[in-house]
Amino acid sequence: MARFGMVIDTAKCVGCMDCVVACKTENNVPEGFNRDWITTEVHGTFPTVQMEIRSERCNQCATPPCVYSCPTGASHVHDVGGIVLVTKEECIGCKACIASCPYDARFIHPEGYADKCTFCIHRVEAGMDPACVAVCPTHCMHFGDLDDPNSPVSKLLASRKHHSLMPEAGTQPSIFYLT
Ligand code: SF4
Ligand code: SF4
Ligand code: SF4
């Protein structure tokens with residue numbers, strides 16, 4: 001079984017926000033909300049200062065607290081690639097998943113259900129990359145099967161230094177950042 005993930009090269013990301021705009025358009029994300037965003041982090045002290053620019057979204061955790069905390073089963077792990085999704089018809093808008101997500105990746109859609117990044121499953125099932133990955137002008141984002149050692153994402157992880165966000169939270173993120 002595949003486990004879908006993203007590998008994002010922070011050295012190539014210029015913070016242009018094309019991924020953010022593409023997601024809003026592709027997924028009809030309502031005004032005032034975002035499924036992805038840019039974070040800028042500065043490490044070190046002058047004169048050896050380094051800046052990391054990251055395109056962030058739901059980490060599609062392999063151990064997802066949002067799923068475990070959902071009282072109705074609306075938040076679930078999909079058969080295809082282990083993508084964490086919300087069945088909006090089953091969501092009662094209780095926000096338990098929002099409280100349990102360490103990445104602040106979810107929001108309540110104005111129509112009353114929890115919403116977040118879906119890894120663009122509608123595109124992936126049609127053989128395309130997620131919208132944010134497809135539009136990136138620097139090609140810093142890669143999508144694929146983390147369980148396949150021959151996939152481009154696995155090869156990048158095998159050959160480059162990388163990290164995930166808040167590994168101490170025990171969520172096993174499926175998004176990795178090349179440094
Ligand atoms: Fe759930 Fe948050 Fe993990 Fe996404 S990042 S799978 S919303 S806990
Ligand atoms: Fe589940 Fe919806 Fe409540 Fe989130 S807001 S925990 S998806 S019922
Ligand atoms: Fe948005 Fe799709 Fe990218 Fe997720 S994978 S941030 S839903 S464009």
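The values are calculated or read from the model by the stated rules, or taken from the named source; none is laboratory data. Here the structure is a predicted model, which means the values were calculated and not measured. Cβ coordinates were reconstructed from backbone atoms using ideal geometry, including for glycine residues, and neighbour counts include every protein chain displayed.
Key figures
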read-out	value
Lone qualifier among Cys70, Cys58, Cys91 - being in contact with a helix residue (DSSP H, G or I) (Cβ under 9 Å, 6 or more places away or on another chain) and within 16 Å of ligand 3 (Cβ to nearest atom)	Cys58
Subset of segment 69-112 (residues that are more than 8 Å from ligand 1 (Cβ to nearest atom) and within 21 Å of Leu146 (Cβ to Cβ))	His76, Val77, His78, Asp79, Val80, Gly81, Gly82, Ile83, Leu85
Total residues in segment 43-61, condition over 19 Å from Ala105 (Cα atoms) and either within 21 Å of the chain's Cα centre (by Cα) or buried (at least 16 other Cβ atoms within 10 Å of the Cβ) (or both)	2
Check on Asn59, in contact (Cβ under 8 Å) with a residue 24 or more places away in the chain and either in contact with a Ser or Thr (Cβ under 7 Å, 6 or more places away or on another chain) or on the phi > 0 side of the Ramachandran plot (or both)	yes
Unique residue being over 15 Å from the mean Cα position of the chain (by Cα), away from ligand 3 (no atom under 16 Å from the Cβ) and either at pLDDT 95 or above or small (Gly, Ala, Ser) (or both) when the list is His162, His109	His162
Selected residue (only one of Ser151, Ser159 is surrounded by 18 or more Cβ atoms within 10 Å (Cβ to Cβ) and either within 16 Å of ligand 1 (Cβ to nearest atom) or small (Gly, Ala, Ser) (or both))	Ser151
